[in-house]
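Coordinate-derived values only; no laboratory data. Quantities reported herein were computed from a predicted structural model and do not represent experimental measurements. Neighbour counts run over all protein chains shown; Cβ positions are idealised from the backbone, glycine included.
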Amino acid sequence: MKFPNAAKGISKIFTSEILALIAAIATGVASILAAVMYASAKTNSTAGAAASGIGTLVLVLGASVLLVIALILKIVGVVQTSKDEDSFKMIIYLTIFTLIVAVIAAIFSRVTFLNNIANAVSAIGSFVTTLLIILGIGNLGVQVGNDEVIDKCSSQFKLILGIGIVALLARFFCIFLPTVPAQGIVIALAVVALVLNIIQYILYLSLLSKAKKMLND
């Protein structure tokens, strides 16, 4: 059984996630350069601060463009896949909802509490979207009769669900714990959340790669 729309759609979702990963790395490098710029400014190194500032600006702009492209690709990919697998139709609405919440987070970026809440809701939306995509891929695997993908979806759904819940709990603790008296705990939880999110992302990308191969064979 062939699913041409799903094949194109999953390929676009996979590409969008790769672009989002590159954007995340660029943002991380930009943060490092921003720290270098701050340190250079404190030591009166004008040339160093200027170079770091330009590098930071270029990386931030590049990351922003990549994120926009990734989002468009993801939405197009989900819409295409939904033509062959009905479970992806719900993902369309959830993706739009997550985007709206992310915009709200950006608007209230200077209101810490509202920004944190909006970012947390956006993170939950993205997490649920990932789980729904895994279930949708599993449904496609059943229709294609690919036992490897079916088993991988089943095991990774449980694993990513567990990892995601722990990461989200860590994120919420970081938001609601008072940062001054519990600064060490907050930093530790932030590191735990980051590591778990990286593991979750790697597992998700590997599954998308398998699904893309399955649908294009």
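Ordered by residue, what ³J(HN,Hα) values in Hz, to whole numbers, does segment 138-151 give under the Karplus form 6.51 cos²θ - 1.76 cosθ + 1.60, where θ = phi - 60° and Gly and Pro are x?
Per residue, the Karplus-derived 3J(HN,Hα) values read x, 5, 5, x, 5, 5, 7, x, 9, 5, 4, 5, 4, 5 Hz.
Tell me which lysines have Cα within less than 19 Å of Lys210's Cα, excluding those fewer than 8 residues away on the same chain?
In chain and number order, the partners are Lys2, Lys8, Lys12, Lys74, Lys152, Lys158.
Which length gain, in nm to one decimal place, applies between Leu99 and Val195 when the Cα-Cα distance is subtracted from 0.36 nm times their residue separation?
Values: separation 96, 0.36 × 96 = 34.56 nm, distance 2.41 nm.
Length difference between fully extended and current span is 32.2 nm.
Report the extension gain between Ile124 and Leu61 in nm, rounded to one decimal, defined as 0.36 nm multiplied by the number of residues separating them, less their alpha carbon distance.
Details: separation 63, 0.36 × 63 = 22.68 nm, distance 2.57 nm.
Working it through step by step, the gained length comes to 20.1 nm.
With labels modelled as points extended 7 Å from the Cα through the Cβ direction, what inter-label distance (nm, one decimal) is found for Asn216 paired with Ile72?
About 2.2 nm separates the two model spin labels.
Can you pull the one-decimal nm distance between simple spin-label points at Asp151 and Ile202, each 7 Å off the Cα toward Cβ?
Taking the simple label geometry, Asp151 and Ile202 are separated by 2.2 nm.
For the pair Phe113 and Leu21, what calculated FRET efficiency results from E = 1/(1 + (r/R0)^6), where r is the Cβ-Cβ distance and R0 = 45 Å, to the nearest 0.05?
Working: r = 29 Å, r/R0 = 0.65.
Rounded to the nearest 0.05, the efficiency is 0.95.
Highest mean first, how do 3-10, 101-108 rank when packing is the count of other Cβ atoms within 10 Å averaged over residues? Let's see the in-between values first.
Numbers: 3-10: 21.6, 101-108: 15.9.
The peptides rank, most packed first, as 3-10, 101-108.
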